[in-house]
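Q: I'd like to ask some things about the structure below.
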Amino acid sequence: MTDEVKQSSTEDKIRDFAVRVEKLRQMGGAKAVARQRDGGKLTARERLDVLFDPGTFQEAQLFVKHHATLFGMEKKE
């Protein structure tokens, strides 16, 4: 019975991790991406695709958050 609880708990953690990664990869959602493009800008990931050869960029620290507080940045994730 303990193994079932551990298995379920581990599966839940893996699922939660996958959901969090997907949310971060959406770069603020469709509305934020559209706002970038409407301003004639590429998203950060699109700029990386332009700068690096395919398959050579390895993203690290996906879950890092900023600590900026000036200019209203404390309200942004």
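Q: Give region 56-77 a look and list any residue that's part of a loop (DSSP other than H, G, I, E, B) and farther than 22 Å from A18 by Cβ, or say none. Break it down stepwise before answering.
A: Going through region 56-77, the residues part of a loop (DSSP other than H, G, I, E, B) turn out to be 56-69, 76-77.
Of everything in region 56-77, those that are part of a loop (DSSP other than H, G, I, E, B) and farther than 22 Å from A18 by Cβ turn out to be T56, H66, H67, A68, T69, K76.
Q: Could you look through region 12-66, keep only residues that are polar (S, T, N, Q) and surrounded by 10 or more Cβ atoms within 10 Å (Cβ to Cβ), and pick out the one that is nearest to the chain's Cα centre (by Cα)? So that I can check it myself, show each step before the final result.
A: Going through region 12-66, the residues polar (S, T, N, Q) turn out to be 26, 36, 43, 56, 58, 61.
Retained after the next criterion (residues that are surrounded by 10 or more Cβ atoms within 10 Å (Cβ to Cβ)): 26, 36, 43.
On the way: Q26: 6, Q36: 16, T43: 12 Å.
This residue is Q26.
Q: Here is a further query. Out of region 8-17, which residues are of a type in the set (A, V, I, L, M, F, W, C) and more than 13 Å from F63 (Cβ to Cβ)?
A: Pass one, region 8-17, residues of a type in the set (A, V, I, L, M, F, W, C): 14, 17.
Selection gives I14 alone.
Q: Hey, another quick one. Pairs under 6 Å by beta carbon, first residue under 23 Å from A60 (Cα atoms) in region 22-44, partner at pLDDT below 90 and not small (G, A, S), six or more apart or different chains?
A: Close Cβ pairs satisfying both conditions: L24/L62; V33/M27; T43/M27.
Q: Answer yes or no as to whether Q7 is among the polar types (S, T, N, Q), assigned to a helix (DSSP H, G or I) and at pLDDT 90 or above. Spell out the reasoning first.
A: Working: among the polar types (S, T, N, Q): yes; assigned to a helix (DSSP H, G or I): yes; at pLDDT 90 or above: no.
For Q7, the condition - among the polar types (S, T, N, Q), assigned to a helix (DSSP H, G or I) and at pLDDT 90 or above - is not met.
Q: How many residues are among the acidic types (D, E) and in a loop (DSSP other than H, G, I, E, B) when one looks only at region 11-53? Break it down into steps so the answer makes sense when it comes.
A: First, the residues of region 11-53 that are among the acidic types (D, E): 11-12, 16, 22, 38, 46, 49, 53.
So of that shortlist, the ones also in a loop (DSSP other than H, G, I, E, B) come out as 53.
The number of residues fulfilling the criteria is 1.
The values are calculated or read from the model by the stated rules, or taken from the named source; none is laboratory data. From a predicted model like this one, the values you see are computed outputs, not experimental measurements. Note: ideal-geometry Cβ built from the backbone for every residue, glycine included; neighbour counts use all protein chains shown.
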